[in-house]
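What follows is a short report on a single structure.
The values are calculated or read from the model by the stated rules, or taken from the named source; none is laboratory data. Keep in mind that this is a model prediction, so the values were computed, not measured. Ideal geometry is used to build each Cβ from the backbone, glycine not excepted, and the neighbour counts take in all protein chains shown. These area figures cover heavy atoms from the full protein model, side chains too; ligands, DNA and RNA do not enter into them. Shrake-Rupley method; radii C 1.70, N 1.55, O 1.52, S 1.80 Å.
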Amino acid sequence: MTDAAKGPASYFPSIEKKYGRPISEWKDLVRSSPLTKHMELVTWLKSEHGLGHGHANALVAHTLAEGGGR
């Protein structure tokens, strides 16, 4: 039995299902963006890619926490 994902990663299965892209692609988008601040990236994902706030926030938080270059 595996442990359930915690924190931002707990959103990943629903993000992949709802938006049809693997998490690795979303993280690549965040890393390649010229934006640097957390909320700028969240707003960008929401406006340009149609993500909901919670999903965008989870992706940005997880990506930046693992050293996404910001």
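Checking each residue in the range 15-33 for being among the charged types (D, E, K, R) and in contact with a Ser or Thr (Cβ under 7 Å, 6 or more places away or on another chain) picks out Lys27, Arg31. Annotation for the range 24-47: no member residue is of a type in the set (Ser, Thr, Tyr), part of a helix (DSSP H, G or I), crowded, with 16+ Cβ neighbours inside 10 Å and without any contact (Cβ under 8 Å) to a residue 40 or more places away in the chain.
Within the range 5-28, the set of residues being more than 13 Å from Thr63 (Cα to Cα) and among the basic types (Lys, Arg) comprises Lys6, Lys17, Lys18, Arg21. Selection over the range 9-47 of residues that are among the β-branched types (Val, Ile, Thr) and in contact with a helix residue (DSSP H, G or I) (Cβ under 7 Å, 6 or more places away or on another chain) gives a count of 4.
Can you find a residue that is of a type in the set (A, V, I, L, M), over 11 Å from the mean Cα position of the chain (by Cα) and either modelled with pLDDT of 95 or more or on the phi > 0 side of the Ramachandran plot (or both) anywhere in the range 49-61? Give the steps one after another, and end with the answer.
The first filter runs over the range 49-61 and keeps only residues of a type in the set (A, V, I, L, M), leaving 51, 56, 58-61.
Pick out the ones that are also over 11 Å from the mean Cα position of the chain (by Cα) and you get none.
Looking for residues that are of a type in the set (A, V, I, L, M), over 11 Å from the mean Cα position of the chain (by Cα) and either modelled with pLDDT of 95 or more or on the phi > 0 side of the Ramachandran plot (or both), one finds none in the range 49-61, hence no.
Restricting attention to the range 48-60 and to residues that are part of a helix (DSSP H, G or I) and touching a helix residue (DSSP H, G or I) at 6+ places or on another chain (Cβ under 7 Å), the residue that is most open to solvent (accessible area, probe 1.4 Å) turns out to be His53.
Quickly run through the range 5-20 and pick out the residues that are in a loop (DSSP other than H, G, I, E, B) and either acidic (Asp, Glu) or open to solvent by 80 Å² or more (accessible area, probe 1.4 Å) (or both). Selection gives Lys6 alone.
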